[in-house]
Amino acid sequence: MKPQLTEKRALNLAVAKELAAAAEAEAARNKFTMVIAIVDDGGNLIYLEKMDDTQIGSIKVAQAKAHSAIAFKRPSKVFQEAVAAGNVHVMGLPGAVAVEGGVPLAVDGKIIGAIGVSGGTSQQDGVVAAAAVDALAKIVAA
């Protein structure tokens with residue numbers, strides 16, 4: 001049998017902007033200021049948004065959370081919970097960020113990218129990231 005290329009869905013700029021808009025709307029509703037980073041399935045930055053008055057340190061943190069989520073195919077919250085449970089060895093994993101706010105983005109069970117959010121508490125970052133995950137399901141269904 002001749003080898004075949006696989007087909008995959010890919011995140012693009014238009015969808016990344018919609019995801020960021022959903023995350024920004026959730027942040028604004030809660031009066032949070034955030035940095036929102038969207039990366040593709042290779043961890044490459046597609047879109048970054050810094051809301052007014054967000055601390056500049058959150059720019060790199062949001063990107064690191066997104067990269068952690070795509071690299072390990074799991075939310076960064078998993079690492080935060082592991083550290084809280086005493087499994088500090090996860091801190092030594094290259095690129096693992098042990099703070100909530102990084103979440104993989106999946107369509108039909110396949111990871112197509114990730115979002116990283118930073119600017120508030122880890123729980124606030126997670127709430128804003130979740131809004132983008134919810135928006136992706138609606139975008140794909142449309």
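Annotations
- A residue that is over 22 Å from residue 8 (Cα atoms), among the hydrophobic types (A, V, I, L, M, F, W, C), surrounded by fewer than 13 Cβ atoms within 10 Å (Cβ to Cβ) and more than 14 Å from the chain's Cα centre (by Cα) occurs somewhere in the range 46-66.
- Candidates 125, 108, 134: the one that is at positive phi, in contact (Cβ under 8 Å) with a residue 40 or more places away in the chain and acidic (Asp, Glu) is 108.
- Pick from the range 104-140, criterion more than 21 Å from residue 52 (Cβ to Cβ) and among the polar types (S, T, N, Q), ranking: surrounded by the most Cβ atoms within 10 Å (Cβ to Cβ): 122
- Conditions (1) under 11 Å from residue 115 (Cβ atoms); (2) touching a helix residue (DSSP H, G or I) at 6+ places or on another chain (Cβ under 9 Å); number of the one not met by residue 16: (2)
Each value in this text was obtained by applying a stated rule to the coordinates, not by laboratory testing. Here the structure is a predicted model, which means the values were calculated and not measured. Every residue, glycine among them, receives a Cβ derived from its backbone with ideal geometry; neighbour counts consider all protein chains shown.
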